[in-house]
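Here is the structure we will look at, set down as C-alpha coordinates.
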Amino acid sequence: MDFKDYYAALGVSESAPPEEIKKAYRKLARKYHPDISKETNAEAKFKDVGEAYEVLKDPEKRAEYDQIRKYGARSDGSFEPPPGWQSASNFGGGGYTEADAGQFSDFFESIFGGAGRGSRQPGGQGFRHNMRMRGEDVHARLALFLEEAYNGCEKQVQFDVTEADAQGRIVRRRKTLNVKIPAGMTSGQHIRLKGQGSPGIGGGSAGDLFIEVELAPHPLFAVNGRDLTMTLPITAPEAALGASIKVPTLGSAVNLKVPKGATSGQKLRLKGKGLQGKHPGDQIVVLQVAMPKHHTEKAQALYQQLAEEEKSFHPRSHLPT
Amino acid sequence: MKKNRSILEADTIGTTTFTLRELCEHGEVHAEFVIKLVNYGVIDPIDGGDAHRWSFDLPALARLRKAQRLQRDLRLNLPGLAMSLELLDDVTELRREVERLNQLLAQLTRE
(Lines give C-alpha, C1' and ligand atoms only; values in the text may rest on other atoms or scores of the structure.)
Protein backbone atom coordinates (compact mmCIF):
# COMPACT_ATOMS: atom_id res chain seq x y z
CA MET A 1 0.00 0.00 0.00
CA ASP A 2 1.20 3.52 -0.79
CA PHE A 3 1.77 6.15 1.84
CA LYS A 4 -0.55 9.13 1.35
CA ASP A 5 0.78 12.58 2.09
CA TYR A 6 -2.39 14.45 3.00
CA TYR A 7 -0.57 17.73 3.50
CA ALA A 8 0.84 17.53 -0.01
CA ALA A 9 -2.59 16.62 -1.39
CA LEU A 10 -3.97 19.90 -0.03
CA GLY A 11 -0.76 21.83 -0.73
CA VAL A 12 -0.41 23.02 2.88
CA SER A 13 2.40 22.78 5.40
CA GLU A 14 2.38 20.44 8.38
CA SER A 15 1.83 23.37 10.69
CA ALA A 16 -1.06 24.85 8.71
CA PRO A 17 -3.89 26.09 10.95
CA PRO A 18 -7.39 24.61 10.47
CA GLU A 19 -8.64 27.70 8.59
CA GLU A 20 -5.88 27.34 6.03
CA ILE A 21 -6.67 23.65 5.57
CA LYS A 22 -10.34 24.43 5.07
CA LYS A 23 -9.54 27.13 2.55
CA ALA A 24 -7.15 24.92 0.60
CA TYR A 25 -9.70 22.12 0.56
CA ARG A 26 -12.51 24.36 -0.67
CA LYS A 27 -10.39 25.72 -3.45
CA LEU A 28 -9.17 22.31 -4.63
CA ALA A 29 -12.64 20.76 -4.32
CA ARG A 30 -13.91 23.38 -6.76
CA LYS A 31 -10.92 22.91 -9.03
CA TYR A 32 -11.08 19.13 -9.26
CA HIS A 33 -14.81 18.52 -8.94
CA PRO A 34 -15.55 15.92 -11.63
CA ASP A 35 -18.60 17.90 -12.75
CA ILE A 36 -16.46 20.99 -13.29
CA SER A 37 -12.95 19.93 -14.24
CA LYS A 38 -12.04 18.54 -17.62
CA GLU A 39 -8.70 17.19 -16.42
CA THR A 40 -8.45 13.49 -17.12
CA ASN A 41 -7.58 12.54 -13.54
CA ALA A 42 -9.93 15.04 -11.89
CA GLU A 43 -12.01 12.37 -10.20
CA ALA A 44 -9.00 10.70 -8.58
CA LYS A 45 -7.62 14.05 -7.46
CA PHE A 46 -11.00 15.08 -6.07
CA LYS A 47 -11.11 11.88 -4.04
CA ASP A 48 -7.56 12.41 -2.76
CA VAL A 49 -8.38 15.93 -1.70
CA GLY A 50 -11.57 14.79 0.04
CA GLU A 51 -9.76 12.02 1.86
CA ALA A 52 -6.99 14.38 2.95
CA TYR A 53 -9.53 16.87 4.28
CA GLU A 54 -11.50 14.15 6.06
CA VAL A 55 -8.38 13.46 8.10
CA LEU A 56 -6.85 16.90 8.51
CA LYS A 57 -10.07 18.73 9.44
CA ASP A 58 -10.48 16.51 12.49
CA PRO A 59 -7.97 17.32 15.29
CA GLU A 60 -8.02 13.77 16.61
CA LYS A 61 -7.48 12.13 13.25
CA ARG A 62 -4.92 14.73 12.29
CA ALA A 63 -2.90 14.00 15.45
CA GLU A 64 -2.99 10.31 14.70
CA TYR A 65 -1.99 10.90 11.13
CA ASP A 66 0.91 13.12 12.20
CA GLN A 67 2.13 10.30 14.40
CA ILE A 68 1.89 7.83 11.53
CA ARG A 69 3.60 10.29 9.25
CA LYS A 70 6.60 10.48 11.55
CA TYR A 71 6.72 6.71 11.48
CA GLY A 72 6.76 7.34 7.80
CA ALA A 73 6.77 5.70 4.44
CA ARG A 74 9.43 3.26 3.38
CA SER A 75 12.05 4.45 0.92
CA ASP A 76 10.03 3.03 -2.00
CA GLY A 77 6.97 5.04 -0.97
CA SER A 78 5.11 2.00 0.32
CA PHE A 79 3.59 1.88 3.76
CA GLU A 80 2.58 -0.55 6.49
CA PRO A 81 0.95 0.65 9.70
CA PRO A 82 3.07 0.23 12.87
CA PRO A 83 2.60 -3.17 14.55
CA GLY A 84 -0.35 -3.15 16.90
CA TRP A 85 -1.67 0.15 15.55
CA GLN A 86 -5.26 0.89 16.45
CA SER A 87 -7.05 4.09 15.79
CA ALA A 88 -8.77 5.77 18.70
CA SER A 89 -11.27 7.37 16.37
CA ASN A 90 -12.86 3.99 15.74
CA PHE A 91 -14.01 4.86 12.29
CA GLY A 92 -15.46 1.41 11.73
CA GLY A 93 -18.03 2.02 14.45
CA GLY A 94 -20.01 4.03 11.96
CA GLY A 95 -21.87 7.29 12.11
CA TYR A 96 -18.53 9.00 12.38
CA THR A 97 -18.35 10.80 9.11
CA GLU A 98 -20.62 12.23 6.46
CA ALA A 99 -18.29 11.01 3.76
CA ASP A 100 -18.64 7.68 2.03
CA ALA A 101 -15.72 5.77 3.52
CA GLY A 102 -16.02 3.13 0.80
CA GLN A 103 -14.45 5.74 -1.47
CA PHE A 104 -11.32 6.10 0.63
CA SER A 105 -7.95 4.48 0.04
CA ASP A 106 -6.51 1.34 1.62
CA PHE A 107 -4.05 3.64 3.36
CA PHE A 108 -6.94 5.47 5.03
CA GLU A 109 -8.58 2.21 6.04
CA SER A 110 -5.37 0.81 7.47
CA ILE A 111 -5.12 3.76 9.81
CA PHE A 112 -8.67 4.71 10.63
CA GLY A 113 -10.40 1.42 9.96
CA GLY A 114 -12.92 0.46 7.31
CA ALA A 115 -16.56 1.31 7.36
CA GLY A 116 -18.12 -1.53 5.43
CA ARG A 117 -16.97 -0.67 1.92
CA GLY A 118 -19.71 0.53 -0.32
CA SER A 119 -22.38 0.39 2.33
CA ARG A 120 -25.24 2.79 1.87
CA GLN A 121 -26.68 2.36 5.28
CA PRO A 122 -26.29 5.08 7.85
CA GLY A 123 -24.20 3.47 10.55
CA GLY A 124 -22.11 1.73 7.98
CA GLN A 125 -22.50 -1.78 9.36
CA GLY A 126 -24.46 -3.65 6.76
CA PHE A 127 -28.23 -3.58 6.96
CA ARG A 128 -31.13 -5.17 8.70
CA HIS A 129 -32.24 -8.41 7.08
CA ASN A 130 -35.92 -7.61 7.08
CA MET A 131 -35.31 -4.40 5.15
CA ARG A 132 -36.74 -4.05 1.68
CA MET A 133 -34.79 -1.73 -0.54
CA ARG A 134 -34.73 -0.81 -4.18
CA GLY A 135 -31.38 -1.55 -5.87
CA GLU A 136 -29.05 1.32 -6.70
CA ASP A 137 -29.17 2.94 -10.12
CA VAL A 138 -25.91 2.70 -12.00
CA HIS A 139 -24.65 5.52 -14.18
CA ALA A 140 -22.08 4.80 -16.85
CA ARG A 141 -20.52 6.52 -19.84
CA LEU A 142 -20.06 4.98 -23.24
CA ALA A 143 -17.82 6.29 -26.02
CA LEU A 144 -19.03 5.65 -29.56
CA PHE A 145 -17.47 6.20 -32.95
CA LEU A 146 -19.57 8.48 -35.11
CA GLU A 147 -20.28 5.62 -37.53
CA GLU A 148 -21.57 3.51 -34.64
CA ALA A 149 -23.80 6.31 -33.44
CA TYR A 150 -25.12 6.88 -36.96
CA ASN A 151 -25.92 3.27 -37.72
CA GLY A 152 -26.79 2.12 -34.24
CA CYS A 153 -24.72 -0.70 -32.81
CA GLU A 154 -24.38 -3.41 -30.27
CA LYS A 155 -21.97 -2.68 -27.45
CA GLN A 156 -20.69 -4.56 -24.50
CA VAL A 157 -20.78 -2.42 -21.37
CA GLN A 158 -19.14 -3.29 -18.07
CA PHE A 159 -20.03 -1.66 -14.78
CA ASP A 160 -20.05 -2.34 -11.06
CA VAL A 161 -23.23 -3.13 -9.16
CA THR A 162 -23.60 -3.46 -5.42
CA GLU A 163 -25.39 -6.43 -3.95
CA ALA A 164 -25.66 -8.34 -0.69
CA ASP A 165 -23.47 -11.41 -0.24
CA ALA A 166 -24.46 -14.49 1.78
CA GLN A 167 -23.47 -12.77 5.03
CA GLY A 168 -25.58 -9.76 4.23
CA ARG A 169 -22.59 -7.50 3.56
CA ILE A 170 -22.76 -5.18 0.61
CA VAL A 171 -20.19 -6.06 -2.02
CA ARG A 172 -19.34 -4.82 -5.48
CA ARG A 173 -19.68 -7.07 -8.48
CA ARG A 174 -18.65 -6.47 -12.10
CA LYS A 175 -21.51 -6.90 -14.51
CA THR A 176 -21.32 -7.25 -18.28
CA LEU A 177 -24.20 -6.51 -20.62
CA ASN A 178 -24.67 -6.48 -24.36
CA VAL A 179 -26.64 -3.39 -25.20
CA LYS A 180 -28.26 -2.42 -28.45
CA ILE A 181 -27.61 1.28 -28.99
CA PRO A 182 -30.27 2.85 -31.20
CA ALA A 183 -29.19 4.78 -34.30
CA GLY A 184 -28.80 8.54 -34.07
CA MET A 185 -27.42 9.03 -30.56
CA THR A 186 -25.29 12.11 -30.01
CA SER A 187 -22.95 13.37 -27.29
CA GLY A 188 -24.62 14.00 -23.96
CA GLN A 189 -27.68 11.86 -24.68
CA HIS A 190 -28.76 9.23 -22.21
CA ILE A 191 -30.25 5.80 -22.49
CA ARG A 192 -31.88 3.81 -19.77
CA LEU A 193 -31.96 0.06 -19.23
CA LYS A 194 -34.68 -0.72 -16.78
CA GLY A 195 -33.86 -3.13 -13.99
CA GLN A 196 -30.22 -3.59 -15.07
CA GLY A 197 -28.65 -1.68 -12.17
CA SER A 198 -27.90 -3.13 -8.76
CA PRO A 199 -30.27 -5.87 -7.54
CA GLY A 200 -32.80 -4.94 -4.88
CA ILE A 201 -32.52 -6.06 -1.29
CA GLY A 202 -35.11 -8.13 0.55
CA GLY A 203 -37.32 -8.42 -2.51
CA GLY A 204 -36.99 -4.77 -3.53
CA SER A 205 -36.90 -4.04 -7.25
CA ALA A 206 -33.60 -3.71 -9.10
CA GLY A 207 -32.17 -0.31 -9.95
CA ASP A 208 -31.76 0.91 -13.52
CA LEU A 209 -28.69 1.37 -15.68
CA PHE A 210 -28.27 4.81 -17.23
CA ILE A 211 -25.71 5.29 -19.97
CA GLU A 212 -24.50 8.65 -21.20
CA VAL A 213 -23.18 8.59 -24.73
CA GLU A 214 -20.05 10.41 -25.83
CA LEU A 215 -18.85 10.63 -29.41
CA ALA A 216 -15.19 10.11 -30.24
CA PRO A 217 -13.68 12.78 -32.53
CA HIS A 218 -14.01 11.91 -36.23
CA PRO A 219 -11.29 12.68 -38.79
CA LEU A 220 -13.75 14.02 -41.36
CA PHE A 221 -16.82 15.29 -39.57
CA ALA A 222 -17.22 17.79 -36.75
CA VAL A 223 -20.46 17.18 -34.85
CA ASN A 224 -22.83 19.89 -33.70
CA GLY A 225 -25.92 18.33 -32.12
CA ARG A 226 -27.26 16.27 -35.02
CA ASP A 227 -25.49 18.29 -37.73
CA LEU A 228 -22.19 17.20 -39.24
CA THR A 229 -19.73 19.63 -40.81
CA MET A 230 -16.90 18.80 -43.22
CA THR A 231 -14.62 20.82 -45.48
CA LEU A 232 -14.53 19.97 -49.17
CA PRO A 233 -11.54 21.02 -51.29
CA ILE A 234 -12.46 22.03 -54.84
CA THR A 235 -10.38 23.30 -57.77
CA ALA A 236 -10.53 26.89 -59.02
CA PRO A 237 -12.26 25.85 -62.26
CA GLU A 238 -14.83 23.86 -60.27
CA ALA A 239 -15.47 26.96 -58.15
CA ALA A 240 -15.70 29.25 -61.17
CA LEU A 241 -17.75 27.02 -63.44
CA GLY A 242 -19.72 24.94 -60.95
CA ALA A 243 -19.49 21.18 -60.73
CA SER A 244 -21.11 18.02 -59.51
CA ILE A 245 -18.84 16.42 -56.92
CA LYS A 246 -19.09 13.11 -55.14
CA VAL A 247 -19.09 13.72 -51.38
CA PRO A 248 -18.83 11.14 -48.57
CA THR A 249 -21.58 11.04 -45.95
CA LEU A 250 -22.04 8.64 -43.04
CA GLY A 251 -24.45 6.79 -45.30
CA SER A 252 -23.62 6.28 -48.97
CA ALA A 253 -21.76 8.96 -50.94
CA VAL A 254 -23.91 11.60 -52.67
CA ASN A 255 -23.41 13.95 -55.59
CA LEU A 256 -23.20 17.57 -54.48
CA LYS A 257 -23.92 20.34 -56.92
CA VAL A 258 -21.40 23.13 -56.43
CA PRO A 259 -22.89 26.31 -57.87
CA LYS A 260 -21.18 28.48 -60.45
CA GLY A 261 -19.03 31.17 -58.85
CA ALA A 262 -18.54 29.30 -55.56
CA THR A 263 -16.03 30.67 -53.06
CA SER A 264 -13.91 29.40 -50.17
CA GLY A 265 -15.85 29.23 -46.93
CA GLN A 266 -19.19 28.93 -48.70
CA LYS A 267 -21.46 26.46 -46.94
CA LEU A 268 -23.69 23.98 -48.71
CA ARG A 269 -26.26 21.95 -46.87
CA LEU A 270 -27.09 18.30 -47.51
CA LYS A 271 -30.47 18.07 -45.89
CA GLY A 272 -31.12 15.09 -43.63
CA LYS A 273 -27.63 13.63 -44.10
CA GLY A 274 -26.58 14.24 -40.48
CA LEU A 275 -27.37 12.07 -37.50
CA GLN A 276 -30.78 10.47 -37.83
CA GLY A 277 -33.66 10.82 -35.40
CA LYS A 278 -37.06 12.44 -35.10
CA HIS A 279 -35.50 15.63 -36.45
CA PRO A 280 -32.60 14.37 -38.60
CA GLY A 281 -29.57 16.62 -38.78
CA ASP A 282 -27.92 17.96 -41.93
CA GLN A 283 -24.46 17.56 -43.36
CA ILE A 284 -22.87 20.94 -43.90
CA VAL A 285 -20.14 21.11 -46.52
CA VAL A 286 -17.70 24.01 -46.30
CA LEU A 287 -16.03 24.66 -49.66
CA GLN A 288 -12.32 25.32 -49.82
CA VAL A 289 -10.72 26.35 -53.10
CA ALA A 290 -7.48 24.43 -53.41
CA MET A 291 -4.58 25.35 -55.69
CA PRO A 292 -1.81 23.17 -57.11
CA LYS A 293 1.66 24.15 -55.87
CA HIS A 294 3.12 24.21 -59.36
CA HIS A 295 1.59 25.34 -62.63
CA THR A 296 2.71 24.45 -66.13
CA GLU A 297 3.89 27.27 -68.37
CA LYS A 298 0.69 26.97 -70.33
CA ALA A 299 -1.39 27.26 -67.17
CA GLN A 300 0.61 30.31 -66.09
CA ALA A 301 -0.07 31.93 -69.43
CA LEU A 302 -3.76 31.19 -69.03
CA TYR A 303 -3.71 32.70 -65.52
CA GLN A 304 -2.15 35.82 -66.96
CA GLN A 305 -4.96 36.00 -69.47
CA LEU A 306 -7.43 35.45 -66.65
CA ALA A 307 -5.85 38.21 -64.57
CA GLU A 308 -6.25 40.61 -67.44
CA GLU A 309 -9.85 39.53 -67.94
CA GLU A 310 -10.85 39.92 -64.26
CA LYS A 311 -8.87 43.00 -63.37
CA SER A 312 -11.93 44.77 -62.03
CA PHE A 313 -12.08 42.24 -59.16
CA HIS A 314 -10.63 43.74 -55.94
CA PRO A 315 -10.83 41.17 -53.14
CA ARG A 316 -8.84 43.45 -50.78
CA SER A 317 -10.78 46.62 -51.33
CA HIS A 318 -12.00 46.57 -47.70
CA LEU A 319 -8.46 46.50 -46.27
CA PRO A 320 -6.84 49.76 -45.19
CA THR A 321 -3.83 49.87 -47.54
CA MET B 1 -23.07 -15.78 -10.75
CA LYS B 2 -25.64 -15.08 -13.39
CA LYS B 3 -24.46 -13.18 -16.41
CA ASN B 4 -26.88 -11.61 -18.76
CA ARG B 5 -25.70 -12.40 -22.25
CA SER B 6 -28.79 -11.43 -24.15
CA ILE B 7 -28.93 -8.20 -26.07
CA LEU B 8 -30.91 -5.47 -24.44
CA GLU B 9 -32.88 -2.80 -26.19
CA ALA B 10 -32.42 0.62 -24.70
CA ASP B 11 -34.98 3.24 -23.82
CA THR B 12 -34.02 6.58 -25.23
CA ILE B 13 -34.99 10.20 -25.04
CA GLY B 14 -38.66 10.71 -25.55
CA THR B 15 -39.58 7.22 -24.46
CA THR B 16 -38.54 7.54 -20.82
CA THR B 17 -40.30 9.94 -18.49
CA PHE B 18 -40.45 10.10 -14.73
CA THR B 19 -43.11 11.36 -12.40
CA LEU B 20 -41.95 13.59 -9.54
CA ARG B 21 -42.03 10.58 -7.27
CA GLU B 22 -39.97 8.44 -9.65
CA LEU B 23 -37.48 11.23 -10.16
CA CYS B 24 -37.02 11.51 -6.38
CA GLU B 25 -36.57 7.77 -6.13
CA HIS B 26 -33.90 7.66 -8.86
CA GLY B 27 -32.19 10.77 -7.61
CA GLU B 28 -32.46 9.73 -3.96
CA VAL B 29 -33.73 13.17 -2.98
CA HIS B 30 -36.79 14.64 -1.30
CA ALA B 31 -39.51 16.15 -3.46
CA GLU B 32 -38.86 19.53 -1.79
CA PHE B 33 -35.40 19.63 -3.33
CA VAL B 34 -36.76 18.88 -6.81
CA ILE B 35 -39.49 21.49 -6.40
CA LYS B 36 -36.89 24.06 -5.40
CA LEU B 37 -34.75 23.17 -8.42
CA VAL B 38 -37.79 23.60 -10.66
CA ASN B 39 -38.59 26.96 -9.04
CA TYR B 40 -35.04 28.12 -9.69
CA GLY B 41 -35.24 26.89 -13.28
CA VAL B 42 -32.45 24.37 -12.76
CA ILE B 43 -34.59 21.56 -14.13
CA ASP B 44 -37.80 21.82 -16.08
CA PRO B 45 -40.70 19.43 -16.14
CA ILE B 46 -41.81 18.48 -19.67
CA ASP B 47 -45.22 19.90 -18.91
CA GLY B 48 -45.63 22.67 -16.35
CA GLY B 49 -48.60 23.21 -14.09
CA ASP B 50 -49.39 21.28 -10.95
CA ALA B 51 -46.49 19.38 -9.32
CA HIS B 52 -48.60 16.20 -9.15
CA ARG B 53 -48.79 16.15 -12.92
CA TRP B 54 -45.14 16.92 -13.61
CA SER B 55 -43.14 14.57 -15.75
CA PHE B 56 -39.40 14.73 -16.36
CA ASP B 57 -37.13 13.38 -19.07
CA LEU B 58 -33.76 11.61 -18.81
CA PRO B 59 -31.64 14.77 -19.09
CA ALA B 60 -33.58 16.17 -16.10
CA LEU B 61 -32.45 13.21 -14.00
CA ALA B 62 -28.84 13.70 -15.09
CA ARG B 63 -29.11 17.36 -14.15
CA LEU B 64 -30.69 16.60 -10.81
CA ARG B 65 -27.83 14.26 -9.96
CA LYS B 66 -25.26 16.82 -11.02
CA ALA B 67 -26.99 19.49 -8.91
CA GLN B 68 -26.99 17.13 -5.96
CA ARG B 69 -23.29 16.34 -6.28
CA LEU B 70 -22.35 20.00 -6.59
CA GLN B 71 -24.48 20.98 -3.63
CA ARG B 72 -23.13 18.18 -1.47
CA ASP B 73 -19.48 18.55 -2.43
CA LEU B 74 -19.21 22.32 -2.65
CA ARG B 75 -21.95 23.30 -0.22
CA LEU B 76 -23.65 25.61 -2.68
CA ASN B 77 -26.90 27.33 -1.87
CA LEU B 78 -29.68 27.24 -4.45
CA PRO B 79 -29.01 30.54 -6.24
CA GLY B 80 -25.31 29.63 -6.39
CA LEU B 81 -26.17 26.16 -7.62
CA ALA B 82 -28.49 27.50 -10.32
CA MET B 83 -25.86 29.94 -11.53
CA SER B 84 -23.07 27.35 -11.43
CA LEU B 85 -25.08 24.92 -13.52
CA GLU B 86 -25.90 27.59 -16.08
CA LEU B 87 -22.25 28.61 -16.33
CA LEU B 88 -21.18 24.97 -16.58
CA ASP B 89 -23.65 24.49 -19.44
CA ASP B 90 -22.12 27.49 -21.18
CA VAL B 91 -18.61 26.17 -20.60
CA THR B 92 -19.55 22.75 -21.98
CA GLU B 93 -21.12 24.32 -25.06
CA LEU B 94 -18.09 26.57 -25.58
CA ARG B 95 -15.67 23.67 -25.17
CA ARG B 96 -17.58 21.71 -27.79
CA GLU B 97 -17.60 24.73 -30.07
CA VAL B 98 -13.84 25.25 -29.69
CA GLU B 99 -13.24 21.58 -30.39
CA ARG B 100 -15.43 21.76 -33.47
CA LEU B 101 -13.78 24.93 -34.78
CA ASN B 102 -10.29 23.56 -34.14
CA GLN B 103 -11.20 20.48 -36.10
CA LEU B 104 -12.47 22.55 -39.03
CA LEU B 105 -9.48 24.85 -38.83
CA ALA B 106 -7.16 21.84 -38.95
CA GLN B 107 -8.94 20.66 -42.10
CA LEU B 108 -8.74 24.10 -43.70
CA THR B 109 -5.05 24.61 -43.01
CA ARG B 110 -4.06 21.08 -43.90
CA GLU B 111 -1.27 21.10 -46.49
_What do you get for the angle between helix A:42-56 and the principal long axis of chain A? Use alpha-carbon atoms, 0 to 90 degrees, nearest ten._
30 degrees
_Could you report the buried accessible area between B and A, both sides summed, computed with a 1.4 Å probe and given in Å² to the nearest 100?_
3700 Å²
*asked:* Taking R0 as 41 Å, what FRET efficiency do you get between A:Lys246 and A:Thr321 from their Cβ-Cβ distance, rounded to the nearest 0.05?
replied: 0.50
*Using the alpha-carbon atoms, what tilt in degrees (0 to 90, nearest 10) does helix A:297-309 show relative to the longest principal axis of chain A?*
80 degrees
*Counting only the backbone N, which residues of the range A:236-258 are under 19 Å from the spot 7 Å out from the Cα of A:Lys298 toward its beta-carbon?*
A:236-238
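For the range A:212-321, which chymotrypsin sites (Phe, Trp or Tyr not before Pro) pass both filters: DSSP loop (anything but H, G, I, E, B) and at most 15 other C-beta atoms within 10 Å?
Details: sites: A:Phe221, A:Tyr303, A:Phe313; in loops: A:Phe221, A:Phe313.
Loop-located and lightly packed - A:Phe313.
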_Quick check: pseudo-label points 7 Å beyond the Cα along Cα→Cβ at A:Ser312 and A:Thr40, how many nm apart are they?_
5.8 nm
*Using the Cα centre as the reference, give the magnitude of the dipole from point charges on the C-beta atoms of chain A (Lys, Arg: +1; Asp, Glu: -1; all else neutral), rounded to the nearest 20 debye.*
1120 debye
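Send over a whole-number figure in Å² for the accessible area per residue of chain A, probe 1.4 Å. Kindly include the intermediate steps, with their values, before the conclusion.
On the way: 18340 Å² over 321 residues.
The answer is 57 Å² per residue.
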*Using a 1.4 angstrom probe on protein heavy atoms only, which residues from the range A:175-197 are buried by at least 50 Å² of accessible area when all chains are present rather than their own chain alone?*
A:Thr176, A:Asn178, A:Lys180, A:His190, A:Arg192
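Leaving ligands, DNA and RNA out of it, report the carbon-plus-sulfur percent of the accessible area of chain B at a 1.4 Å probe. Present the calculation step by step, with values, prior to reporting the outcome.
Details: 3690 of 7040 Å².
Here carbon and sulfur together make up 52 percent of the probe-accessible area.
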*Cα axis of helix A:59-71 to longest principal axis of chain A: angle in degrees, 0 to 90, nearest 10?*
90 degrees
*Can you send over the carbon and sulfur percentage of the accessible area for the range A:138-215, probe radius 1.4 Å, protein chains only?*
44 percent
_Report the Cα centroid-to-centroid distance between the range B:68-88 and the range A:4-22 in angstrom, as an integer._
25 Å
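The values are calculated or read from the model by the stated rules, or taken from the named source; none is laboratory data. Quantities reported herein were computed from a predicted structural model and do not represent experimental measurements. As a convention, Cβ positions derive from the backbone with ideal geometry for all residues, glycine included, and neighbour counts pool all protein chains shown. What goes into the accessible areas is simple: the full protein's heavy atoms, side chains included, and nothing from ligands, DNA or RNA. Shrake-Rupley method; radii C 1.70, N 1.55, O 1.52, S 1.80 Å.
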